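Chemist: The following block contains the structure, expressed as structure tokens.
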Amino acid sequence: DASKNSQLHQSPKAITNRFATTGFLDEVGYTFIRGWACDKDEPLKSIDLHFYFGGPAGSGSYMVAGAASDASEVAVKDVCGGGDNHRFNIEMDDVMRAAIFAGDGKVYAYGLDSFGIEGKNAQLGHSPKALKTEFAVRDCTFATVVDEVGTENLKIMLATDSMEEIETTVSAICGAAWEDGVESVPFSIVDDRFTDAFMGSYVAGDTFLNTETGTFEGTIEGTNIDTFRNEEATDSIVEGFPDIATCQYNSIMCCFGRDRQPNDNNGNCKDPIDQNCINADPADNSNLCFTDHNNHPYPGRDEGKIHCHGLAWSDDENDPSAKLKFNNFFYVSLYDHMYSRGYVENMVDSAEVPMCGCIEDMPPVSRADCTEMATTTVFKINFDGTSSSISASLDNVADYEFNFNACKGINPSNGNRQNNDLASYVHRLQLENRISSDTEERVFETLVGYASPGDNDNEAACASAYTRKTGLEYPENNFAARGYFDSVDFYSIKGWACDQDEPTTSVDVHIYFGGPAGSGAYMVSAVASEPSHAAVKTICGGGDNHHFDVEVTNEMVDAIQEGDGSVYVYGLDTLGGEGKNRPLGRSPQPFNEFATKGYLDSVAGTAKGWACDQDDPLKSIQVNLYFGGPAGSGSYMIETMASEPSEHGVKNLCGGGDNHRYIVEIDETARAAALNGDGMVYAYGLDTLGEETKNALLSESPQSVNQHAATGYLDSVGLDLIKGWACDKDEPSKSVNVHLFFGGTPSSGAPSRNIIASDPSQAAISNICGGGDNHRFSVEMDETIRAALDNGDGKVYAIGIDSDLDASKNSQ
């Protein structure tokens, strides 16, 4: 019934379009554009989109239409007021990218009103969004650049699907960034003596850095190394040198065999260094298994204490571990171990075994410590869309720093963390795909105890590696060489030596003259192969030939005198284990042990006595006599030889020889020199080797040249003659003066007469005087003498006058 039709309440109404479009431009990548959009006026409807590349709508930029019709999450639905399909994911093609880079580098996204009202078309949130062209990485390597930039993005940027081409390009730009941002320096910057040739000799175990002993503190090279550690080593790339520049398996290892520096709490070198540092040991942290150039085994601790430390690096030459590997080598070798700890020299004395080398050139060991590089670099990777090229640069060029840390590794046997272990660090590099599994395997051929990083000795690993290499069983070496250095004199060096591991084998002995093994002293080798006593056989566990008797030569004596004066004898291990070579008992012994000895028996007219050197008792030694003062005072000196026959008692005191006495006439010149000085005669025995400190003042020396008072007899006073004799035992061949006083003592003022006792005298008097044939006197009794006697006390007084006119030695 048309009359019943009615218009609804509030009808008519106009169409409502209250909302502009809304949404977000979430991401713009090199292959996609992503986000969401809707029109809240019609929330159930998916809306259209316009994308502009390189400029906003209306700028003439390239435009592509799309739709926000992909499934969207609840949160978007809530914002839109309904609907489940408001997301968009637009594929980015070459034309779009070209338009972006031809324009302002941005993508603009607009949502179109569902009713077609242009005024309600809105630019989405976060629009415009630039296509990312700058990326930051800590390390500029292929792996880090791919992780940060993305494989597909790199393919687009470089317009290639070839990963090999991409890797080549990335390697080139990262290498250029290192080169432009970081200075490179050679080892000669550390010290101008550290040329390539010098460093080659250093890693071989030579140069003064290895052979000298003592601290580096305060030395030129020590100061230079310390300065370089704190300066160039932390901000420059250290260049390599030929000997370790081309390692095949990404690792360098040093194994040190000696500690040269005291007072650093590392190793056992200590003061005094001439006694305690020549063959001092480093702290032991590894075990040499065998030298693979000759397959010589070192069972037990045959090589002695050694200390091994190494470094490893990534295959990527721009990885800090690779780029800075020689910084790390400087730190490990010259700074941390040599300068800081004093560790030097090869672990065994062989030109085929370097101190430091590429891992493939080092002999098998149980393990090694490890240092890795730590860097604070930040590199920027930039893409130029107009040229489709990328570049890299060091961004924090003003404040980057390199440092050195103990390696953080992964235990190859259980996957646990294992620090400060070279094999475990190599395993970590392999797990991170920074080296190949083949490289790891080759490194483990040297670090044979890789599965047990905490086992320094690991004899089982050594034995297994040796058998695998040679097909032979690994020997056991339980005993060190032993023996006794019995004696050394000017003629021979005697003793015995053996090795209980092979008691029937005669062992080699090394004899060093003037310094111990390792000091550079002259050395002679011999074999302890002469018949030995039953007691020696018992000690050695068998064998009849363990004695040695080596003749002393002039070369040996010269070396002793040029060195420290001692002889050192070492027994050598029969299995070649340097750690089992031992100094023999009572080694070292002084070669020139004794000072000269003897006596100055008398100086009465002649200087007599005996002298010898117990170091060479069969030889007659020189005696120097000084008159008027000791040696060095400038006094008169006479040289003589103590070569006259000597008695058995002297022979016993000297230890041998029949000719040790001397006799020297004290002539007028010598006597005058003595009297013009201190009146003494000094006698010195001279050392047979000419060592001044062994020249000794003989016993009872010095003695006075005027020891005796005048002596004699007034035999008779007759009516016709006054007779007697007189002499001075200090000069028995000389006739002395006699003063005769008549009628009173010399002090009474009685008349006197001076005569000389020069008449022939008999043998008995000569014996009393110690020599001389003319000691008698005879004076005629004349009237003058009789008158003096009559006027005085009637007596004659006779005074012998000292031959040296010393009044205190005149005697009645």
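Chemist: Among [x] 1.40; [y] 1.04; [z] 1.14, find the value of Rg/Rh (Cα atoms, Kirkwood Rh) that was calculated from the structure presented, and write down its label.
Modeler: Matching entry in [x] 1.40; [y] 1.04; [z] 1.14: [x].
Chemist: For the pair D93/A2, report the inter-label distance in nm, with labels modelled 7 Å from Cα in the Cβ direction.
Modeler: The two pseudo-label positions are separated by 5.9 nm.
Chemist: Pull out the extension gain between E183 and S733, defined as 0.36 nm times the separation in residues minus the alpha carbon to alpha carbon distance; nm, one decimal.
Modeler: 188.6 nm
Chemist: Under the classification rounded if a/c is under 1.5, otherwise prolate if a/b is larger than b/c and oblate if not, where does the stretch 34-153 fall, given a ≥ b ≥ c as square roots of the Cα gyration tensor eigenvalues?
Modeler: Oblate.
Chemist: Within the set K325/K469; K537/K619; K597/K734; K40/K132; K305/K469, which residue pairs have Cα atoms separated by over 28 Å?
Modeler: From the list (K325/K469; K537/K619; K597/K734; K40/K132; K305/K469), the Cα-Cα distance tops 28 Å for K325/K469; K537/K619; K597/K734; K40/K132.
Chemist: Further, regarding this structure: With a ≥ b ≥ c taken as the square roots of the eigenvalues of the C-alpha gyration tensor of the stretch 305-369, please select rounded if a/c is under 1.5 and otherwise prolate if a/b is larger than b/c or oblate if it is not? List each step's numbers first, then the result.
Modeler: Values: a/c = 2.26, a/b = 1.45, b/c = 1.56.
It is oblate, given that a/c is not under 1.5 and a/b is not larger than b/c.
Chemist: Once the Cα atoms of helix 422-431 and of the chain are each reduced to a long axis, what angle between those two axes, in degrees from 0 to 90 to the nearest 10, is obtained?
Modeler: With both axes taken from Cα atoms, the answer is about 10 degrees.
Chemist: Another one. How high is the FRET efficiency between T538 and E562 when r is their beta carbon distance and R₀ equals 35 Å, given to the nearest 0.05? Don't jump to the answer; show the numbers that get you there.
Modeler: Details: r = 40 Å, r/R0 = 1.13.
The pair T538/E562 has a calculated efficiency of 0.30.
Chemist: For Q589, what charge total do you get from the other residues with a beta carbon under 13 Å from its beta carbon, if Lys and Arg give +1 and Asp and Glu give -1?
Modeler: My count for the surroundings of Q589 gives -3.
Chemist: Something else now. Hey, what did the chain get for relative contact order, percent, Cα under 8 Å, at least 6 apart? Mind dumping the intermediate values first?
Modeler: Numbers: 1906 pairs, mean separation 57.5, N = 812.
The value is 7 percent.
Chemist: When ligands, DNA and RNA are left out and all protein chains stay put, how many square angstrom of accessible area per residue does the stretch 1-58 have with a 1.4 Å probe? Before the final figure, lay out each step's value.
Modeler: Working: 3600 Å² over 58 residues.
On a per-residue basis, the stretch 1-58 sits at 62 Å².
Chemist: Counting only protein heavy atoms and a 1.4 Å probe, tell me what percentage of the stretch 406-472's accessible area is made up of carbon and sulfur. Intermediate values should be presented prior to the final figure.
Modeler: Numbers: 1390 of 3340 Å².
C and S atoms contribute 42 percent here.
Chemist: While we're on this one: Quick one: net charge around V507, please, counting Lys, Arg +1 and Asp, Glu -1 for every other residue with C-beta under 12 Å from its C-beta.
Modeler: Summing Lys/Arg as +1 and Asp/Glu as -1 gives -2.
Chemist: May I pose another question? Sticking with the crude label model, points 7 Å out along Cα→Cβ, report the distance from N266 to D658 in nm, one decimal please.
Modeler: Going by the 7 Å Cα→Cβ label model, 6.5 nm.
Chemist: Further question on the same structure: Can you give the relative contact order of the stretch 292-437 as a percent, counting alpha carbon pairs under 8 Å and 6+ residues apart?
Modeler: Computed over the stretch 292-437, the figure is 22 percent.
Chemist: Say R0 is 41 Å: what FRET efficiency, to the nearest 0.05, do S436 and A71 get from their beta-carbon distance?
Modeler: The value I calculate is 0.40.
Chemist: Accessible area of the stretch 1-140 with a 1.4 Å probe: how many percent of it is carbon plus sulfur?
Modeler: 50
Chemist: For T669 and H648, compute 0.36 nm times the residue count separating them, minus their Cα-Cα distance, and round to one decimal in nm.
Modeler: 4.1 nm
Chemist: Can I ask one more? How many angstrom separate the Cα center of the stretch 346-362 from the Cα center of the stretch 756-777?
Modeler: 87
Chemist: Go ahead and run the numbers for FRET between T195 and Q707, Cβ-Cβ distance against an R0 of 60 Å, rounding to 0.05. Don't skip to the end; give the middle numbers.
Modeler: Values: r = 73 Å, r/R0 = 1.21.
Computed FRET efficiency for T195 and Q707: 0.25.
Chemist: Moving on to the next point. Would the stretch 1-67 count as rounded, prolate or oblate if I go by the C-alpha gyration tensor, calling it rounded below 1.5 in a/c and otherwise prolate when a/b exceeds b/c, oblate otherwise?
Modeler: prolate
Chemist: Next up: Summing +1 for each Lys or Arg and -1 for each Asp or Glu, what net charge is found among the other residues whose Cβ lies under 10 Å from the Cβ of T574? It would help to have the intermediate numbers written out before the result.
Modeler: Details: positive: K580; negative: D499, D501, E502, D508, D573.
Local net charge: -4.
Chemist: Between the stretch 450-513 and the stretch 171-188, what's the alpha-carbon centroid distance in Å?
Modeler: So the two Cα centres are separated by 49 Å.
Chemist: What nm value, rounded to one decimal, do you get for the distance between T211 and K469 when each label is placed 7 Å out toward the C-beta?
Modeler: Calculated label separation equals 2.8 nm.
Chemist: First compute the accessible area of the stretch 488-535 with a 1.4 Å probe, then give the percent of it belonging to carbon and sulfur atoms.
Modeler: 51
Chemist: Fully extended, how many nm does the chain gain between H126 and E165 (0.36 nm per residue separation, minus their Cα-Cα distance)?
Modeler: 10.5 nm
The values are calculated or read from the model by the stated rules, or taken from the named source; none is laboratory data. Just so we're clear, the structure is a prediction, and the values are computed from it rather than from any experiment. So basically every Cβ, Gly included, is an ideal-geometry build from the backbone, and we count neighbours across all protein chains shown. Heavy atoms of the whole protein, side chains included, go into the accessibility calculation; ligands, DNA and RNA do not. Shrake-Rupley method; radii C 1.70, N 1.55, O 1.52, S 1.80 Å.
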